[in-house]
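Bear in mind that the values in this text are calculations on the coordinates, not laboratory data. Because the structure is predicted, anything quoted here is derived from the model rather than measured. So basically every Cβ, Gly included, is an ideal-geometry build from the backbone, and we count neighbours across all protein chains shown.
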Number of protein chains: 2
Amino acid sequence: LPKIVDHDMRRRELSQAAVRLIARDGLDAATTRALASESGWTTGVLKHYFVGKDDLLRHALLELEAVNRERLAVAEGEEATGYDALRAAIVAILRDEPAHAKVWIAFLSRAATDPAIGREMRRGSRAWQRRWAELVRRGQADRSIRSDVDADEVAIELWALLSGLRIAALFNPSLTRRAGLGAITLLERIRSVDAMAP
Amino acid sequence: LPKIVDHDMRRRELSQAAVRLIARDGLDAATTRALASESGWTTGVLKHYFVGKDDLLRHALLELEAVNRERLAVAEGEEATGYDALRAAIVAILRDEPAHAKVWIAFLSRAATDPAIGREMRRGSRAWQRRWAELVRRGQADRSIRSDVDADEVAIELWALLSGLRIAALFNPSLTRRAGLGAITLLERIRSVDAMAP
């Protein structure tokens, strides 16, 4: 039988290897050569997937985003209401590995001096805020979230709070247990009064 | 008359020059030589203030912290209640220059690979959480903040939210106007019901 290669799947596996590499050794160390060593593929094979180091970094960043987007999609599929889906997605994202938070911070820092990474970070932050706002609107439509909150404002606050909580957890591990707290009190604030009835 | 030099004052001026340098050129560029060029002092004079590059970076980080600590002290001195002081301090900190947020993110990233910076970041984040908690307790003592909120939990949420909002403002400048929002809704949540009466 001919061997069928799922190129998208392999690119994601390689992107995941790039994320591990960056978490361990930092962005500067993430070269095609280092990725070859990490992934077990030759630099010749890697060239089919990434056009140089910048493209490799971009795909590592897209991979971080994809992991959380999948968590959100799972929550949306499994939970009955917008409120429950929002809560499940937040809990899943806050349980993320600390290594991912480190990689994300490295990209935040890089964005200040690398315009291509800066563009990706802006696009990513806007895409997330749109997704959170959609989920809040779904909750407003099914009456699990208060109709008098502004979905876009909640989305911005949620994005900021999740970002800050992941940073706080890195520097203050004893707070990790409490890390969901701010997000949960935010949730309580937007929860519909009807939904709180038994 | 003999010339009196206020060494602490000069060290702060030099630390401020280091912050400007880092904001413009990044952490790697912040050498004693570059600081000499930025500040107009010789490297010989700078050696009296900083023991090498690591010490220079540490003082730049302490300077960022000092600026916000002074804002908090001003708010505490000027405002009549703990709630008003908390609100004034938050507003002042959120109006901070975007350049400071960039420098802070550079240090966040550096903390992953530089143990000395990591220790300073942990110490700094804990010191801030203690200061916010003290201010919340002051508000609870003067009855401007609800007695049934946990001061330490509010402090953690506030630290995370301010961190995230400063990041959000960097990547989404159109949101800057709304950037105080999350902090303000958090404030509304902890405000004493008594204090809301006219």
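Roughly speaking, what is the stretch gain from residue A:37 to residue A:54, that is 0.36 nm per residue apart minus the C-alpha to C-alpha distance, in nm to one decimal? Kindly include the intermediate steps, with their values, before the conclusion.
Numbers: separation 17, 0.36 × 17 = 6.12 nm, distance 1.80 nm.
My answer for the length gained is 4.3 nm.
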Taking 0.36 nm per residue of separation between residue B:45 and residue B:148 and subtracting their Cα-Cα distance, the length gained on full extension comes to 31.7 nm
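Grab the DSSP H runs of chain A that are 4 residues or longer, score each as -39,500 (n - 2.57), total them, divide by all residues and round the 222 nm result to the nearest 500 deg cm²/dmol.
On the way: 10 runs with 147 residues, N = 198.
Result for chain A: -24000 deg cm²/dmol, rounded to the nearest 500.
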Relative contact order in percent for chain B (Cα pairs under 8 Å, 6+ apart) equals 19 percent
Most fluctuating residue given options A:171, A:50, A:107, as computed from a GNM of chain A linking Cα atoms under 10 Å: A:171
I'd like the distance separating the alpha-carbon centroids of segment A:48-92 and segment B:144-167, in whole Å. 27 Å
Could you work out the Kirkwood radius for the protein assembly as shown, taking every pair of different alpha carbons, averaging 1/r and inverting it, reported in Å? 22.9 Å
Could you state the angle between the C-alpha long axis of helix B:82-94 and the longest principal axis of the C-alpha atoms of chain B, as a value from 0 to 90 degrees rounded to the nearest 10? 40 degrees
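Would you count, across the protein assembly as shown, every pair of lysines whose alpha carbons are under 23 angstrom apart, provided the pair is eight or more residues apart or spans two chains? Please list the in-between numbers first.
Details: A:3/A:47; A:53/A:102; A:102/B:102; B:3/B:47; B:53/B:102.
Summing the qualifying lysine pairs gives 5.
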Which of A:83, B:49 has the fewest Cβ neighbours within 10 Å, and the rest in rising order: B:49, A:83
Volume per residue (Å³) of the convex hull spanned by the alpha carbons of chain B is 145 Å³
Bins of 5 Å from zero: percent of alpha-carbon pairs in segment A:60-148: 3, 14, 21, 21, 16, 12, 8, 4, 1
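Sort B:53, A:47 so that the residue with the fewest other Cβ atoms within 10 Å of its own Cβ comes first and the one with the most comes last. Please list the in-between numbers first.
Values: B:53 16, A:47 11.
Lowest count first: A:47, B:53.
From the alpha carbon gyration tensor of segment A:1-61, can you work out the equivalent ellipsoid semi-axes (sqrt of 5 times each eigenvalue) and give them in Å, largest to smallest? Intermediate values should be presented prior to the final figure.
Working: eigenvalues 83, 24, 22 Å².
The three semi-axes for segment A:1-61 are 20, 11, 10 Å.
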Label points 7 Å out from Cα along the Cβ direction at residue B:137 and residue B:65: separation in nm? 2.0 nm
7 Å from Cα along Cα→Cβ at both residue B:29 and residue B:10: what's the point-to-point distance in nm? 2.7 nm
